[in-house]
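Let me begin by presenting the structure, written as structure tokens, before commenting on it.
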Amino acid sequence: MADIFKEVDEELRRDHAAKVWKKYGHVVIGAAVTVVLATAGYQVWTWWDVKQRTELSQGYAAAVDLFEQGRTEDAAAAFGGLAAAGGGYGTLAAFNRARLLAEAGDTAAAIEAWDRLAASASAGPAFRGAATVLSVMHQSDSGDPADLEARREPLTAIMALRRGDRTRAREIYTRLADDRTAPVGLRGRASQMLAALEE
């Protein structure tokens, strides 16, 4: 008698499992496929990212080799190609290209390259500051004094902050944020710094 109940119980369980699978099986299969595709996509992206970084690293090393061989024009062209790629290697390449242009006597092109770096959102604050300083230095004899002074002011504000002179930094950032002739990006950064100082 007990065997009959056991068989009936097992049959009911099988029937229930079949109904559940029929109702939710496609959801389980869909979830499994999604996990497999997501994992494969992540692996492909990782492979591509490593490949890109490796190519940039090799390209940078090749440009440095060209410079060390005395082939400065070729090195400048190679650094220019890498600079267009952006990222960390791109930023370093842009600095090297600008330096080579300045050393070759093409100061206008070097200044243009430094100005692009100074305005770049992808370059960090230290790189933007260095690019600004280099651009201003190379225009000290030919540039508009008022313009050069204005471009130097954000760095002056940063130095004031490092000295602990928040009042001086606030004055400079306020002047920059209110200056309608200043570049929009510069005014925006000055406004952000003012807000941070108020906090």
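The values are calculated or read from the model by the stated rules, or taken from the named source; none is laboratory data. These numbers come from a predicted model, not from an experiment. No Cβ is skipped: glycine too gets one built from the backbone with ideal geometry, and neighbour counts run over all protein chains shown.
Could you tell me whether region 169-191 includes any residue that is in contact (Cβ under 8 Å) with a residue 60 or more places away in the chain, surrounded by 13 or more Cβ atoms within 10 Å (Cβ to Cβ) and among the hydrophobic types (A, V, I, L, M, F, W, C)? So far as region 169-191 goes, no, none of its residues is in contact (Cβ under 8 Å) with a residue 60 or more places away in the chain, surrounded by 13 or more Cβ atoms within 10 Å (Cβ to Cβ) and among the hydrophobic types (A, V, I, L, M, F, W, C).
Of the residues in region 22-29, not one is at pLDDT 75 or above and within 30 Å of Gly87 (Cβ to Cβ). A Cβ distance below 7 Å, combined with a sequence gap of six or more or placement on separate chains, defines the contacts here; from region 47-73, residues that are within 18 Å of Ala83 (Cα to Cα) and in contact (Cβ under 8 Å) with a residue 12 or more places away in the chain reach no residue that is loosely packed, with under 10 Cβ neighbours inside 10 Å and β-branched (Val, Ile, Thr). Filtering region 96-123 to residues that are modelled with pLDDT under 85 and closer than 19 Å to Glu73 by Cα leaves only Trp114. Any residue that is under 30 Å from Ala75 (Cβ atoms) and exposed (fewer than 13 other Cβ atoms within 10 Å of the Cβ) - is there at least one of those in region 146-164? For region 146-164, residues under 30 Å from Ala75 (Cβ atoms) and exposed (fewer than 13 other Cβ atoms within 10 Å of the Cβ): absent.
Among the residues making up region 80-121, a single one is within 14 Å of the chain's Cα centre (by Cα) and of a type in the set (Phe, Trp, Tyr): Tyr89.
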